[in-house]
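The values are calculated or read from the model by the stated rules, or taken from the named source; none is laboratory data. None of these values were measured; they are calculated from a predicted model. Heads up, the Cβs are rebuilt from the backbone with ideal geometry, glycines too, and the neighbour counts pull from every protein chain shown. Ligands, DNA and RNA are excluded from the accessible area calculation, which covers all protein heavy atoms including side chains. Shrake-Rupley method; radii C 1.70, N 1.55, O 1.52, S 1.80 Å.
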Amino acid sequence: MILPVDLGGKPAGPPFSVRARIVTPLGAGGTRHEADGLIEVDAQGRIAAVEAAGGVSAERLGAAVDLRPWVVMPGMVDLHAHLPQVPNAGLGFALPLLNWLDRLTFPTERSWADPLVAERLAPAIFRAFAAAGTTTVLAYGVVYEAAMEAAFRAAEAHGIRAILGKVMMDRLTYDPTIEPASILERTLRESADLAGRWHGADEGRLGYAVTPRFAVSCTAKLLRESAALARQLGCWWQTHVSEDLAEIAEVGRLFPTARDYVDVYDQAGGLGDRTVLAHAIHLSDREEARLAETGTRIAHCPTSNLFIGAGVMPLATRLAAGIGVGLGSDVSGGAELSLFGVMRTGAYAQQALRALDPSVASSGSSGVPSSDSPPAPFGPLDWLRLATLDGARALGLDDAIGSIEVGKEADMIAVDPGRTSPLDADLEAEGLLDDPALLVSRLIFRAHPDMVRAAWVRGRRLEGPS
């Protein structure tokens, strides 16, 4: 039996090499599994070699930090989270969306009017993401520029890969100090200033997402101007769509000339391959087809969707339509930061949907339901791909991150599968987890808060994991 590595032995920065079990999706399709493998990271933090240990010289193996029996896999890519809401995780179960915003969310975000709050909380928030295995996060902030400046500084210091945005709201806002007539001009200017300072910082590790909150809180003019700003600056554009039936009805009332919710953003010029829309649960066929046509991406947030009772997104139909989909924690709508937990909730939800209506259920890596027979369930390795490489693809970053392949940046995590055991049993030695699908199933369905033992971005270890 191989004993776990000493906690002090985790490499702190490049160059280094590690010996471990390796599980990763591959850009060309499929999954690579090395029961005993070697990963070499060069001085620039890129992956220089991924090999089976059996074919490596004793000299190279001897130079590697031995992490066995831990598993090294790509870092998780969280496509949807709200930084200031992390302290609220687990609060507000089953509250309707609009009530949940008024009662819990807006008061919490208002507290960030004092930038000292952001300075205190943001470093801990990024450590918590890393502890959960997330190495890349696309996140909403607050309406306050100073707080967002503090959040970016915290992300810069921590080392996480982060794409952040100042929330934009002009139809309603939780900041009573802003003169209503100046909100639009001010939020555009502040967003542009933040993007000018932070978009592409540290050779692209940090990025900016222009962030109109959602159609209910934004006028048509703000949506148009924010989409134009994102195009002008080469930034991402993120917002919410079709999360809740009451929300959809309100959008219909506020935008009576739009054909549907997606059309509101289409008329604003907001759709495209740099746009990530959270939720997209209740889409019409027309809306789904338009998202696919424009290359717009979806952040699927199953934990949040069930927590507030919004519904279950039919994952297979979105994939079959050709829409790029990744996963989001949506904390604090979602109750946990861990995308392992999100995968678990998503798998349960899709299994339930499959039982109720096979025509809209999960259908594995192809994403294409069959009319002749119920589709195969979306398996553990499919969920791992959604949480890593597919998330990277949704951001247009899959050439750099999302899988452990030569030439990519070393955004990786080390996971201790022993933490998931219900008993003090050495399942690894018994060979019961030799199958990578079974191993990843164990990590998803018995995820432990402390099973992520290390996380690296560009080969630099992040503070957070124990």
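Counting 0.36 nm for each residue step from residue 201 to residue 102 and taking away their Cα separation leaves a gain of 32.2 nm. Backbone geometry of the stretch 134-144 corresponds, through the Karplus equation with coefficients 6.51, -1.76 and 1.60 at θ = phi - 60°, to 3J(HN,Hα) couplings of 8, 10, 10, 9, 9, 9, 8, x, 10, 7, 9 Hz, x marking Gly and Pro. Enclosing the Cα atoms of the chain in their convex hull gives a volume equal to 137 cubic angstrom per residue. Could you work out the Rg to Rh ratio of the stretch 376-466, with Rh taken as the Kirkwood radius (inverse of the mean 1/r over all Cα pairs)? Using only Cα positions, Rg/Rh for the stretch 376-466 is 1.00. Taking Lys and Arg as +1 and Asp and Glu as -1, the other residues whose beta-carbon sits under 11 Å from that of residue 209 total +2.
Please say if the stretch 84-204 is rounded, prolate or oblate, where rounded means a/c under 1.5 for a ≥ b ≥ c the square roots of the C-alpha gyration tensor eigenvalues, and otherwise the choice is prolate for a/b larger than b/c and oblate otherwise? Oblate, because a/c is 1.5 or more while a/b does not exceed b/c. For the pair residue 58 and residue 434 in one chain, pulling the backbone fully straight at 0.36 nm per residue adds 132.9 nm over the alpha carbon distance. Of the accessible area of the chain, computed with a 1.4 Å probe over protein heavy atoms only, carbon and sulfur atoms account for 53 percent. Taking other residues whose beta carbon is less than 9 angstrom from the beta carbon of residue 294, and scoring Lys, Arg as +1 and Asp, Glu as -1, yields -2.
Here the dipole of the stretch 80-195 is about 400 debye; that uses its Cα centre as origin and unit charges on the Cβ of Lys and Arg (positive) and Asp and Glu (negative).
Bridging of residue 408 to aspartates and glutamates at a Cα separation below 14 Å is possible for 40, 42, 398, 399, once same-chain residues fewer than 8 apart are set aside. Relative to the Cα centre, the charge distribution of the chain, modelled as +1 at Lys and Arg Cβ and -1 at Asp and Glu Cβ, gives a dipole magnitude of about 400 debye. The slack in the chain from residue 232 to residue 292, taken as 0.36 nm per residue of separation less the alpha-carbon distance, amounts to 19.3 nm. Summing Lys and Arg as +1 and Asp and Glu as -1 over all other residues whose Cβ lies under 13 Å from the Cβ of residue 328 gives a net charge of -4.
When the charge dipole of the stretch 23-92 is built from unit charges on Cβ atoms (+1 for Lys and Arg, -1 for Asp and Glu) and taken about the Cα centre, the candidate among 25, 76, 47 whose Cα reaches farthest toward its positive end is 76.
Projected label points at residue 124 and residue 48, each 7 Å from Cα along the beta carbon direction, are separated by 4.0 nanometres.
Looking at 302, 343, 313, which one has the Cα that reaches farthest to the positive end of the dipole of the stretch 259-360 (charges on Cβ: Lys, Arg +1; Asp, Glu -1)? Going by the Cα projections, it comes out as 343. In the chain, the calculated helix contribution to ellipticity at 222 nm averages -10000 deg cm²/dmol per residue, counting -39,500 (n - 2.57) for every DSSP H run with n ≥ 4. For helix 339-356, what angle does its Cα long axis make with the longest principal axis of the chain, in degrees from 0 to 90 and rounded to 10? Orientation of helix 339-356: about 70 degrees from the principal axis. Charging the Cβ of each Asp and Glu at -1 and of each Lys and Arg at +1, and nothing else, the dipole of the stretch 21-85 about its Cα centre rounds to 120 debye. Accessible surface computed residue by residue for the chain, with neighbouring protein chains in place and a 1.4 Å probe, gives 37 Å² per residue. Here's the list of lysines a cross-link from residue 166 could span, going by alpha-carbon distance under 22 Å and ignoring same-chain residues fewer than 8 apart: 221. Each residue of the stretch 287-297 was assigned a 3J(HN,Hα) from its phi angle through the Karplus curve 6.51 cos²θ - 1.76 cosθ + 1.60 (θ = phi - 60°); the sequence is 5, 4, 5, 5, 4, 5, 4, 8, x, 5, 9 Hz, with glycine and proline shown as x. Each residue of the stretch 20-32 is assigned a 3J(HN,Hα), and the resulting list reads 6, 6, 10, 9, 8, x, 10, x, 7, x, x, 10, 9 Hz, derived from the Karplus form 6.51 cos²θ - 1.76 cosθ + 1.60 (θ = phi - 60°), x at Gly and Pro.
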